[in-house]
Amino acid sequence: MHTTLRSSLLSLSLLLSACSASAQPSMAPEFPARSAEHWINSAPLTLASLRGNVVLIDFWTFECWNCYRSFPWLNQLEEKFRARGLKVVGVHTPEFEREKVIASIRDKVRAFKISYPVMVDNDHAYWNAMKNRYWPAFYLIDREGRVRELYVGETHAGDAQAREIEAAIEKLLAP
């Protein structure tokens, strides 16, 4: 029984690896928010204006513990790679109605010491465009605007996921 299950899981894993290896990265959809009221720490951005940079998009919501526990690492990451061409963009997509109050989102951005741009996605337009399902979710976008990686879950400096994300950023930033 265990051997059959192990063999089936191995076959499934190999199939998924082959499919993902052959799949072309998709272009990241453009940010839908165009008005200044839906952007914090920045004028409205477009992904087109960020081309030439590696972009890390962080989907978060302020009542998500896993999200705000990841901010210290994310702030360090942004500082570490900023000069080399990494742009971090937060996307605040609320889970609850009470998380849609823009003044409260601004307060949380200050409280969490977030200095990078944050797009307010109260209608879940970008969440849906990216087909996202997780908080926090980190999408790594290459210099041409293609989604290269998706990482999900709380991340801390030095943990396995942080090291994996940082290695992927290094690879995308390499000349």
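Got a number for residues in the range 135-149 being touching a Phe, Trp or Tyr at 6+ places or on another chain (Cβ under 6 Å) and either hydroxyl-bearing (Ser, Thr, Tyr) or not in a loop (DSSP other than H, G, I, E, B) (or both)? Number satisfying all stated conditions: 3.
The set of residues in the range 25-62 being charged (D, E, K, R), loosely packed, with under 14 Cβ neighbours inside 10 Å and closer than 21 Å to Lys100 by Cα consists of Arg34, Glu37.
The listed residues are Val118, Val152, and the only one of them that is of a type in the set (Val, Ile, Thr), in contact with a Phe, Trp or Tyr (Cβ under 6 Å, 6 or more places away or on another chain), surrounded by 14 or more Cβ atoms within 10 Å (Cβ to Cβ) and within 26 Å of Gly52 (Cα to Cα) turns out to be Val152.
So, in the range 143-175, how many residues would count as being modelled with pLDDT under 95 and among the small types (Gly, Ala, Ser)?
Residues flagged as modelled with pLDDT under 95 and among the small types (Gly, Ala, Ser) within the range 143-175 amount to 0.
Among helices (runs of 4 or more DSSP H) entirely within the range 37-134, having at least 2 residues that are of a type in the set (Phe, Trp, Tyr), closer than 19 Å to His156 by Cβ and touching a strand residue (DSSP E or B) at 6+ places or on another chain (Cβ under 9 Å) singles out 65-81. Remark: pairs (first residue in the range 137-165, over 17 Å from Cys67 (Cβ atoms) and without any contact (Cβ under 8 Å) to a residue 40 or more places away in the chain; second residue exposed (fewer than 15 other Cβ atoms within 10 Å of the Cβ) and among the acidic types (Asp, Glu); Cβ separation under 9 Å; 6+ apart in sequence or on different chains) = Glu149/Glu164. At pLDDT 95 or above, among the hydrophobic types (A, V, I, L, M, F, W, C) and farther than 17 Å from Glu154 by Cβ: does that describe Ala137? Considered against the rule, which asks whether it is at pLDDT 95 or above, among the hydrophobic types (A, V, I, L, M, F, W, C) and farther than 17 Å from Glu154 by Cβ, Ala137 comes out as no.
The values are calculated or read from the model by the stated rules, or taken from the named source; none is laboratory data. Model, not experiment: these values are computed from the prediction. Reconstructed Cβ throughout: ideal geometry from the backbone, glycine too, with neighbour counts over all protein chains shown.
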